Amino acid sequence: HPVEHFVIPPHYSKDLDRVLVSHGLIRDRVEKLAHLIAKDSSKPLVACCVLKGAHVFFAQLMENLKKLKNAEGKSIPLSFEFIKAKSYENDKSSGQIKLSLSEEDLKSFKGKDLLIVEDIVDTGRTMVALVERLKQYEPASVRVVSLLLKKTDRSNRYVPDYVGFAIPDLFVVGYCLDYNEYFRDLDHIAVISEHGKKAYAV
Ligand code: 5GP
Ligand code: MG
Ligand code: MG
């Protein structure tokens with residue numbers, strides 16, 4: 001969608017090519033994802049937010065989830081954890097995945113239903129590594145919800161349990177997804193322009 005159709009922070013006016021997913025559409029899809037997750041849940045859920053990119057998605061998903069009931073008509077007790085995973089520099093995966101996890105919090109995963117909340121799955125390497133790591137702490141189950149799934153030939157074929165939107169192989173920003181820490185303050189998911197890439201390159 002043309003950028004002119006949306007409210008964009010003026011400091012980014014030259015930095016975007018187009019809006020891929022508007023904030024309104026994201027909100028509607030997040031509500032639906034919450035319904036799907038609730039229906040599949042039978043126990044208290046430990047929702048694990050992958051920082052920083054998934055933070056807004058996580059907050060909106062939990063806002064929806066706490067109002068919903070599972071298939072047996074029961075509300076779902078939720079607890080929250082936050083994990084940092086970083087693999088990108090500029091718009092390229094560094095190939096190195098940095099995770100920051102506290103042992104104490106990780107031990108609390110034992111026997112629980114885990115829901116990992118991620119912003120975007122690209123090659124799938126981060127998620128495979130993270131799921132592998134978290135399984136060592138013996139949760140009863142692990143499910144992954146990602147707002148975005150990139151269709152790319154660099155994929156390792158990992159597919160999350162729940163996906164908001166499948167998107168083309170483009171670098172996207174907004175709704176808390178960043179380019180070198182910029183664009184998190186944009187409500188829509190958008191494609192960065194050449195001007196934007198140059199302006200915020202490190
Ligand atoms: P993967 O390991 O699947 O290649 O990459 C996963 C992580 O890379 C995502 O969680 C996200 O932090 C970052 N990433 C991948 N593609 C994009 C993108 O198009 N835009 C932004 N902002 N981050 C991305
Ligand atoms: Mg991420
Ligand atoms: Mg990032």
Net dipole in debye of the chain [+1 Lys, Arg Cβ; -1 Asp, Glu Cβ; about Cα centre; nearest 20]: 440
State the Cα centre-to-centre distance between segment 21-65 and segment 109-166 in whole Å. 14
Starting at the first residue of segment 197-202, write each ³J(HN,Hα) from the Karplus equation 6.51 cos²θ - 1.76 cosθ + 1.60 with θ = phi - 60°, in whole Hz, x for Gly and Pro. 4, 5, 4, 10, 5, 9
5 Å is the cut-off here: which amide hydrogens, built 1.01 Å from N in the peptide plane, fall below it relative to F82, excluding neighbours closer than 5 in sequence? C49
Under 1.5 on a/c is rounded, so check that first for segment 119-181, then, if it is not, pick prolate when a/b is larger than b/c and oblate when it is not; a ≥ b ≥ c are the square roots of the alpha carbon gyration tensor eigenvalues. prolate
Excluding residues on the same chain fewer than 8 positions from K135, give the lysines whose Cα lies under 21 Å from its Cα. K43, K84, K86, K98, K107, K110, K112
Taking only the Cα atoms of the chain, how large is their convex hull per residue, in Å³? 114
What is the set of long-range amide H partners of I192 at a cut-off below 5 Å, with H atoms built 1.01 Å from backbone N? D17, V173
For a label point 7 Å along the Cα-to-beta-carbon line of R18, residues of segment 169-189 with backbone N under 18 Å: 169-174, 188-189
Each residue of segment 38-51 in turn: what ³J(HN,Hα) in whole Hz from Karplus with 6.51, -1.76, 1.60 and θ = phi - 60°, glycine and Pro shown as x? 4, 4, 8, 9, 10, 10, x, 10, 9, 8, 10, 8, 8, 7
Scan around I116 for amide H atoms under 5 Å from its own, H built in the peptide plane at 1.01 Å from N, and keep only partners 5 or more places away or cross-chain. C48, R143, V144, V145
For labels at H11 and S75 in the simple 7 Å Cα→Cβ model, what's the distance in nm? 3.9
Choose one answer from H35, H23, H11: the residue with the largest mean-square fluctuation in a GNM of the chain with alpha-carbon springs under 10 Å. H11
Checking rank on 164-170, 45-51, 67-73, with mean other Cβ inside 10 Å and highest first, the result is 45-51, 164-170, 67-73
Under the Karplus curve 6.51 cos²θ - 1.76 cosθ + 1.60, θ = phi - 60°, whole-Hz ³J(HN,Hα) for segment 52-67, x wherever Gly or Pro sits: 8, x, 8, 4, 6, 4, 4, 4, 5, 5, 5, 4, 6, 5, 6, 8
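The numbers here are math on the coordinates, done by the rules we state, and not lab data. Source: prediction; values computed, not measured. Cβ: placed from backbone, ideal geometry, glycine included. Neighbour counts: every protein chain shown.
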